[in-house]
Amino acid sequence: MLSILIPTYNYNASPLIDSLLQQGKLLDHEFEIICCDDCSTDEAILAENAAIASKACCTYFRNSKNEGRTKTRTLLAEKAQYDWLLFLDADVLPVTEDFLLTYSKALHPDTEVVLGGCQYSAKHKDPETALRWKFGMQRESQEATVRNKNPYSHILSGNILLRKNVFQAVVFPTTKFYGMDIYFAYQLYLQKVNVFHINNPVYHLGLEPNADFFQKSLDAVRTRKEVLYGLPNIEQVNPMLKHYKTLCNYGLRPFVSFGFTVVSGFLKKRILRANPNLFYFDLYRLGYLCSLK
């Protein structure tokens, strides 16, 4: 009845799967776990993930080349035998011991997409990953009541339950790019899919180094400009594009772009320090967006 789908790349998915197998004992229906290794380059991790095939209720396969998360999720969905899909990133762990049971109770005829949310450890002492942690704590870790006020703006594919036909109705671009969650959210918005948020979070454990997350964020901004900007009502899904459209409508984009060239160095230093400033991070990304041709 439930297919749990886990894409992984250079991350050991076994701790997550062991936790899910333990929780699966509480369910009164069948479930399966399918893990796809997206051609990991770390041989030790690859061996750990390959051992998943020997676990009960588990299927494992490996891509012959790195396909990216979106294509890998599509391949996982094709192999799923049940009508309900639970996508989980490999670098998460359920916060509660009844995580699967809570999702199981959400399987109703009128349900289409359910998101449980994410959490981060309240204590974080590594300055090298401070930006990703602080962003996650302040922007992603939100109660369901908050997320349900604008459900399409809080879609994180690392912990999402949805009907198989809903996922497969979305036609994803063939090219890889950062920011695919926004594209997916927009497609759900266009199709008027019922999206509901609950409090059933996972801990996000795999935090990128500050410089890596900073660059990925800029890559995602470029995606907003090249792929998403101009789509009808995209501002209903992404606040940054809403602000960008407002600046363009009032003819302010060139001024913001010029200001960005002046203060970008100042902002970047305060974003990549041990205690990053997220307001500066927002300004930097919006200024970068305005500077793109």
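The values are calculated or read from the model by the stated rules, or taken from the named source; none is laboratory data. Just so it is clear, the model here is predicted, and its values are computed rather than measured. Every residue, glycine as well, gets a Cβ built from its backbone with ideal geometry; the counts of neighbours run over all protein chains shown. Only protein heavy atoms, including side chains, enter the accessible area calculation; ligands, DNA and RNA are left aside. Shrake-Rupley method; radii C 1.70, N 1.55, O 1.52, S 1.80 Å.
Rounded to the nearest percent, how much of the accessible area of the range 193-293 (1.4 Å probe, protein heavy atoms only) is carbon and sulfur?
It is 58 percent, rounded to a whole number.
Per residue, the range 4-116 exposes 45 Å² of accessible surface when a 1.4 Å probe is rolled over the protein heavy atoms with every protein chain present.
Distances between placed amide hydrogens fall under 5 Å for C118 paired with Q142, V202, all partners being 5 or more residues away or on another chain.
In a reduced charge model with +1 at each Lys and Arg Cβ and -1 at each Asp and Glu Cβ, the range 172-293 shows a dipole moment near 320 debye about its Cα centre.
Can you tell me the 0 to 90 degree angle between the C-alpha axis of helix 210-223 and the longest principal axis of the chain, rounded to 10? Between helix and principal axis, roughly 80 degrees.
Relative to the longest principal axis of the C-alpha atoms of the chain, give the angle of the C-alpha long axis of helix 180-190, reported between 0 and 90° and rounded to the nearest 10°. For 180-190 against the chain, the angle is about 90 degrees. Residues in the range 94-110 carry Karplus couplings, in order, of x, 6, 10, 7, 10, 4, 5, 5, 4, 5, 4, 6, 8, 7, 10, x, 8 Hz; the curve used is 6.51 cos²θ - 1.76 cosθ + 1.60 with θ = phi - 60°, and Gly or Pro positions show x. To the nearest ten degrees, helix 14-24 and the longest principal axis of the Cα atoms of the chain are 60 degrees apart. For the range 1-103, relative contact order (Cα pairs under 8 Å, six or more residues apart, normalised by length) works out to 45 percent.
Here the range 87-116 is scanned for amide nitrogen atoms under 20 Å from the site 7 Å beyond the Cα of L26 along Cα-to-Cβ, giving 87-89, 92-108, 114-116. Per-residue 3J(HN,Hα) values for the range 277-283, derived from phi via the Karplus relation 6.51 cos²θ - 1.76 cosθ + 1.60 with θ = phi - 60°, read 9, 6, 5, 5, 4, 5, 4 Hz in sequence order (x marks Gly and Pro).
Remark on C39: its backbone amide H falls under 5 Å from those of N63, a criterion applied only to residues 5 or more positions apart or on other chains, H modelled at 1.01 Å from N.
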